[in-house]
1. Is one or more of the residues making up the stretch 250-263 touching a Cys at 6+ places or on another chain (Cβ under 6 Å) and either part of a helix (DSSP H, G or I) or modelled with pLDDT of 90 or more (or both)?
2. Can you tell me which residues in the stretch 82-99 are small (G, A, S) and touching a residue at least 12 places away in the same chain (Cβ under 8 Å)?
3. Suppose we keep only residues that are in contact with a Leu (Cβ under 7 Å, 6 or more places away or on another chain) and either outside any loop (DSSP other than H, G, I, E, B) or of a type in the set (K, R) (or both) within the stretch 110-131. Which one would you say is nearest to V157 (Cα to Cα)?
4. Of the conditions (1) part of a loop (DSSP other than H, G, I, E, B); (2) without any contact (Cβ under 8 Å) to a residue 24 or more places away in the chain, V5 satisfies every one except a single condition; which number is it?
5. Looking only at the stretch 153-172, which residues are surrounded by 18 or more Cβ atoms within 10 Å (Cβ to Cβ) and assigned to a loop (DSSP other than H, G, I, E, B)?
6. Of G88, G83, which residue is surrounded by 20 or more Cβ atoms within 10 Å (Cβ to Cβ) and within 23 Å of V298 (Cβ to Cβ)?
7. Just wondering, is there one or more residues in the stretch 269-277 that are assigned to a strand (DSSP E or B) and surrounded by fewer than 21 Cβ atoms within 10 Å (Cβ to Cβ)?
8. Which ones in the stretch 187-201 are in a strand (DSSP E or B) and under 17 Å from G276 (Cβ atoms)?
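The values are calculated or read from the model by the stated rules, or taken from the named source; none is laboratory data. Just so it is clear, the model here is predicted, and its values are computed rather than measured. Note that we place each Cβ from the backbone using ideal geometry, even for glycine, and neighbour counts take in every protein chain shown.
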Amino acid sequence: MADAVQHIAVLYGGTSAEREVSLASGKAVANGLRQAGYQVTLFDTKERDIEELKQLAVDKVFIALHGRGGEDGCLQGALEFIGIPYTGSGVLGSALAMDKVRTKLVLQALGLPTAKFSIVNREQFNRGDSAQIIDALGGKAMVKPANEGSSIGMAKVTSADELNIALENAFNFDDQVLVEAWIEGPEYTVAVLGEEVLPAIHMETPRDFYDYEAKYKSTTTQYHCPCGLSEADESELKLLAAKAFDAVGAKGWGRVDIMRSEAGQWQILEVNTVPGMTETSLVPKAAKVFGLSFSELVSQIVEMAEQLDGDGR
């Protein structure tokens, strides 16, 4: 519980393709913070101008906006400009982690394991190149818009024709698309909370991959925490997640998604700086196993906002 009553604005909703998820996250976070004794104002950035935050005299902002306009550094820069402390990563970490292409390039440059990939730009896209791209990636690939989350615009492809269709769809979301070699194997996610790396979660779905349906609507997706790995393997996984989190300049809290290939090799997928935050989302699941209630989790995230303000963002 907070030492004194602080006024926290929970920024949620927004205008990104992940608005629906953000609305759910924001409401859950607000409830958790109220249980911890904070004064809370829910603030939908689609409906209100952030300049209003100064008039509301908020002490801090909890960012529960997923995707563009909340997770990409733009909002973080605006909040710094008006002088209001906020949760999570700063401008650089947010912008870099949001961009899947540049995240891959950073991971690759640092020698961190990540699947082979190709970058396709809308302006230079030639349908005739797709056969060469899919062949170079082993005949099967995942198509991802560079700056979308929640698996929006993603597709699994196994031929040049499928790749062309998937790229055209992905271009509806972004001008740059990541085409990543398909990884056959289990998927894990590791949450980071300050200096702590929380227990890993193993996700299982009968669908082709852990897509939007599997994440938010399916009743068949299974979450295992403890994740079932040996102590040595989970330690290696958590260390890798911490390195990826640091590599993109992320701060405060977030989540790193990683897969393990059939050959037993770890492959970092991406870093999420504002992951889903309903009470059944992945970070709260890991926090519960770690020993933190949802209310305690969101309180810790808010407390770190003060520590991070003006310190290495």
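1. There is no residue in the stretch 250-263 that is touching a Cys at 6+ places or on another chain (Cβ under 6 Å) and either part of a helix (DSSP H, G or I) or modelled with pLDDT of 90 or more (or both).
2. Just the residues of the stretch 82-99 that are small (G, A, S), to begin with: 83, 88-90, 93-95, 97.
Of everything in the stretch 82-99, those that are small (G, A, S) and touching a residue at least 12 places away in the same chain (Cβ under 8 Å) turn out to be G88, S89, G90, G93, S94, A95, A97.
3. Checking each candidate, the answer is S130.
4. So the condition that V5 fails would be (2).
5. Those that are surrounded by 18 or more Cβ atoms within 10 Å (Cβ to Cβ) and assigned to a loop (DSSP other than H, G, I, E, B): G153, M154.
6. Details: G83 fails: surrounded by 20 or more Cβ atoms within 10 Å (Cβ to Cβ).
G88 is the lone residue from the list that is surrounded by 20 or more Cβ atoms within 10 Å (Cβ to Cβ) and within 23 Å of V298 (Cβ to Cβ).
7. Of the stretch 269-277, the ones assigned to a strand (DSSP E or B) are 269-272.
Among the residues that remain, those that are also surrounded by fewer than 21 Cβ atoms within 10 Å (Cβ to Cβ) are: none.
No, the stretch 269-277 contains no residue that is assigned to a strand (DSSP E or B) and surrounded by fewer than 21 Cβ atoms within 10 Å (Cβ to Cβ).
8. From the stretch 187-201, those in a strand (DSSP E or B) are 187-193, 196-197, 201; that's our starting set.
Hits for the stretch 187-201 are E187, Y188, T189, V190, A191, V192, L193, I201.
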